[in-house]
Amino acid sequence: MTLDIRQLTPGFGAEVRIDDIARFDEAAFSALRDLWVTHGILLFRDQELSEGAQTALSRRFGELEIHVRTEYLSPDFPEILFVSNMQKANGEPLGILADRDVGWHYDQIYLPKPALGSLIYAVKVPPEGGRTYFADMAAAYEALPDDLKQRIEGRRAVQSYEHFNRSYSVPTSKTQKARTQDVTHPMVRTHPYSKRKSLYICPGMTTEIIGLPETESRDILDRLFEFSVRPEFVYAHDWQAGDGILWDNARTMHRRDPFDGRHPRLMKRTTILMPDALAAPF
Ligand SMILES: [Fe+2]
């Protein structure tokens, strides 16, 4: 089965031209999953995706996360997280992250069992701003200078949701804090499907390398962060309402530009967790 695609950059990202991403038969879905693993990001334009359809499509890739920020979940489908600056009828925020910039991060890197992918569907977008950038951490790892590769070989790093909140989000409640204790993960992650290695660190959530003095840890992380967001590894996306982007969270970190908060923006996200059967190589 061949799907009609257009590359977004020479080695990273593809637009899949399809009328309705909710209606994949088994053969098309299998082709779609192969494209997702190969390209790291898949873009679908002009979609009309209900919350039920988004949840059902995402679940075909694996178990879905119920995000710890329960105040921002869809009342009808708790697998859907609202990313938005809009307000509920009672004046409380509808979604997470409002209108500010959001620094480079991997979704759910702070969980013991991290995310395999995320699907975001754009419902409302502002006329400008709010651009999202994706970095190909597999290409970045492969291009790393040998000395840096050797210095992180076999090492683990600390991942902290609280670190992210301090810069980009509002504090978690006591209960949420208990569910988002810092974890460690290998700094280089082997993809469960492609077996390619990726850098599995991000400025927004990675705080230190285990077993190294603080200054050395900071120095290495800073060098890695600077290297991995070079333009040749990054795809920048300007959203249109109706866009859906499915990205590989074992290979891709992302960040967002701020936008004028007087304009409403609403994105709906589902997050696919690493299947237990595939967790071993990680
Ligand atoms: Fe994110």
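The table below lists the values:
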{"item": "10 Å beta-carbon shell around Pro258, net charge (K/R +1, D/E -1)", "result": "-1"}
{"item": "Spread of Cα-to-Cα distances over 10 Å intervals beginning at zero, given as percent, for segment 4-95", "result": "15, 38, 32, 14, 2"}
{"item": "Spacing of the two label points (7 Å from each Cα toward its C-beta) at Asp219 and Arg131, in nm", "result": "3.4"}
{"item": "Beta bridge orientation in the chain: antiparallel %, DSSP, nearest 5", "result": "90"}
{"item": "Relative compactness, segment 44-106, computed as alpha-carbon Rg over 2.2 N^0.38 Å", "result": "1.24"}
{"item": "Inter-probe distance in nm under a simple model that places probes 7 Å from Cα toward Cβ, at Arg179 and Thr70", "result": "0.6"}
{"item": "Shape box of segment 106-240 [Cα atoms, principal axes, largest first, Å]", "result": "45, 40, 30"}
{"item": "Fraction in percent of alpha-carbon pairs per bin - 5 Å, segment 34-75", "result": "5, 16, 19, 27, 20, 10, 3"}
{"item": "Gain in span if fully extended, Arg166 to Phe227, counting 0.36 nm per residue against the direct Cα distance", "result": "19.5 nm"}
{"item": "Viscosity 0.890 mPa s, 25 °C: Kirkwood-radius Stokes-Einstein D of segment 163-282 over Cα pairs, µm²/s", "result": "142"}
{"item": "Of the DSSP H helices in the chain, those whose Cα atoms cover at least 15 Å axially and whose Kyte score averages -1.0 or more", "result": "26-39, 214-228"}
{"item": "Local net charge near Gly117, Cβ-Cβ under 9 Å (Lys/Arg +1, Asp/Glu -1)", "result": "-2"}
{"item": "Gain upon complete extension [Ser30, Leu148; 0.36 nm per residue less C-alpha separation]", "result": "38.8 nm"}
{"item": "Which listed pairs, of Lys113/Lys177; Lys149/Lys197; Lys88/Lys268; Lys124/Lys268; Lys88/Lys177, have C-alpha distances above 21 Å, in listed order", "result": "Lys88/Lys177"}
{"item": "The chain: relative contact order in percent, alpha carbon pairs under 8 Å with at least 6 residues between", "result": "32"}
{"item": "Volume per residue of the C-alpha convex hull in segment 213-282, rounded to whole Å³", "result": "176"}
{"item": "Extension reserve of the Gln240-Tyr193 stretch, reckoned as 0.36 nm per residue once the Cα distance is removed", "result": "13.9 nm"}
{"item": "Stokes-Einstein D (µm²/s) once Rh is taken as the Kirkwood radius of segment 31-190 over alpha-carbon pairs, at 4 °C in 1.567 mPa s", "result": "72"}
{"item": "Rounded to whole Å, sorted largest first: equivalent-ellipsoid semi-axes of the chain, Cα gyration tensor", "result": "28, 23, 18"}
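Only the coordinates and a few stated rules stand behind these numbers; no lab work does. Note that the structure is predicted; figures quoted are calculated from it, not measured. Glycine also receives a Cβ, built like all others from the backbone with ideal geometry; neighbour counts cover every protein chain displayed.
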